[in-house]
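Read-outs throughout are calculated quantities, based only on the coordinates presented, and are distinct from any laboratory measurement. Quick caveat, the model's predicted, so the values are computed rather than measured. With ideal geometry, Cβ positions are generated from the backbone for all residues, glycine too; neighbour counts draw on all protein chains shown.
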Amino acid sequence: MLVDKDAIRALADILTDTGLTEIEVSEGDNRLRVARNVTVQAAAPVAAAPVAAAAAPAGEAAPAAAADPASHPGAVPSPMVGVAYLTPDPSSPPFVQEGAQVAAGQTIMLIEAMKTFNQIKAPRAGTLVRYCVASGDPVEFGAPLAIIE
C-alpha cells in the first residue's frame, strides 16, 4: 500500500487548526484516518480574590463567571465529531430560536460528518435556553451543543 505522506501532513494540519481529535477521508476502497491523542489535565480551581470585586467601579456589577455548559443538567451533548449547523441551509432561519419551546424529538440543528448531515433532535421537551455552538463550528463527541431547560 502506498502512503501519501503529504496527505497525512495536510490532515494533521487540519486537526491542529480546528482542534478536532480525528479525521477520516475515503476515496473508492482507500481510507485514510488521522487521529491525535489529547491529554486533559484537571486544574485546581482558583479562588477569586476579594480585591477584584472591590476594584469594580461603583454602579457596575462584577462580571459573573461563565458556568461550564457541559455540566448543566439540560446540556445536549454532541453524538459525533463534525461541523454544527443551526439552519437547514444558509438562507433559512435557525431550526429553533433561542428562548423558544421545543418538543422531544424536534430537530434543533445538524451535524455534518463525512459529507452526511445528521439531525440532532431535542432529547426532551422544554425551552432551548441557548446554543453552545455557532453555525460552522467544529464539534467533538460529547461537547455541549445546546441547553434545554
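The table below gives the values:
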read-out: Which of Glu27, Glu140 has the fewest Cβ neighbours within 10 Å, and the rest in rising order; value: Glu27, Glu140
read-out: Summed side-chain charge close to Gly19 - residues other than Gly19 whose Cβ falls under 14 Å, Lys, Arg +1, Asp, Glu -1; value: -4
read-out: Simple Cβ-charge dipole of region 71-148, Lys/Arg +1 and Asp/Glu -1, about Cα centre, in debye nearest 20; value: 200
read-out: FRET E, pair Ser135, Ala10, Förster distance 30 Å, beta-carbon r, rounded to 0.05; value: 0.75
read-out: For region 78-149: relative contact order, % (alpha-carbon pairs under 8 angstrom, 6 or more apart); value: 39
read-out: Within-15-Å neighbourhood charge of Ala10 [Cβ basis; K, R +1; D, E -1]; value: -3
read-out: Surrounding net charge for Glu140, when Lys and Arg each add one and Asp and Glu each subtract one, Cβ distance under 13 Å; value: -1
read-out: Region 110-149: translational diffusion in µm²/s, Stokes-Einstein, Kirkwood Rh over Cα pairs, 25 °C, 0.890 mPa s; value: 218
read-out: Scattering curve values for region 71-148, log₁₀ I(q)/I(0), Debye with Cα scatterers, q = 0.15 Å⁻¹; value: -0.43
read-out: Ala146 long-range amide H proximity, modeled H, under 5 Å; value: Val76, Cys132
